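Quick notes on the structure that follows.
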Amino acid sequence: MSRLDSAIRRLTAQRDCLAAALETAPAGALLEIGLGNGRTYDHLREIAATRDIWVIDREMNAHPSSAPPSAFFLQGEAEAMLDDLFGRIGQGVALAHYDLGVGVPEHDVPLRAALAEHIGRLLVPGGLLVANGAFEGMEQLPLPEGVAEGRYFIHRA
C-alpha cells in the first residue's frame, strides 16, 4: 500500500472513530493532544460545536482558520501541559484525541506510556480516548465498521 493510501485510511479511521466516540461520550470538554496543522481540531469544532475544546501542542503550526482560541491552547511539552490543564479543569474531559508520535513504535509506545496517567486523570468516568496507538491498561472499545483492527483505537477510562 502506498503511503498516500495509508494516510487516507488513517484519516478516514480517525474521522470515523471520533464520530463513533462522540455519540457515546459523556458530558464534558474535548481535548486535542497534538494540534498539527489543525485539521482534526477544525473537524471537532464542527461536530461538537457546543463543547469546549482544549488543545495541547509544542508549537502553534495550525492554519489560521483552524487555530483554537488562545485561551484554550496550551503550548509546551505534553506532560507539563496535561498537568497544567488538570490544574485548570480537573477531571473534566469527556473525549480526548491523541495524535502524537512519529509512526515508529520504539518512539511512540514509550511516549504513550509516559503520558497515559496524565491523560487518564483528566477523563471523566466513562470518558473516551481516541488514539493513533493502543494505550496499555485501558479498555479498548469496538471500532466502527470499516476501520481495520490496529489502524486506530477507542479506549474507555
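Just so it is clear, none of the values below were taken in a lab; they were calculated from the coordinates. Quick caveat: nothing in here was measured; it's all calculated off a predicted structure. We place every Cβ from the backbone using ideal geometry, glycine too, and count neighbours over all the protein chains shown.
By the count of neighbouring beta-carbon atoms within 10 Å, fewest first, T24, T50, T40 end up ordered T50, T24, T40.
Under 5 Å between amide hydrogens, built in the peptide plane, is the criterion, and for E32 it picks out W54, V55, I56, H97 among residues at least 5 positions away or on other chains. Measuring nothing but how far apart in sequence close Cα pairs (under 8 Å, 6+ apart) lie, relative to its length, the chain scores a relative contact order of 26 percent. A full extension of the chain between T12 and S65 corresponds to an added length of 16.9 nm, given 0.36 nm per residue minus the alpha carbon distance. Maximal additional length on extending the E79-D108 stretch stands at 9.0 nm, based on 0.36 nm per residue less the C-alpha distance.
Helix-only arithmetic for the chain: the sum of -39500 (n - 2.57) across DSSP H runs with n ≥ 4, divided by the residue total, places the mean residue ellipticity at 222 nm at -12500 deg cm²/dmol. A simple charge model with +1 on the Cβ of Lys and Arg, -1 on the Cβ of Asp and Glu and nothing else charged puts the dipole of the stretch 3-156 at about 260 debye relative to its Cα centre.
As a ratio to 2.2 N^0.38 Å, the alpha-carbon radius of gyration for the stretch 1-70 is 1.17. Take the Cα of R3, step 7 Å toward its Cβ, do the same at R45, and the gap between the two points is 2.9 nm.
On the principal axes of its alpha-carbon atoms, the stretch 18-157 has extents of 35, 33, 28 Å, going from largest to smallest.
The order of S2, S66, going from fewest to most other C-beta atoms within 10 Å of their C-beta, is S2, S66.
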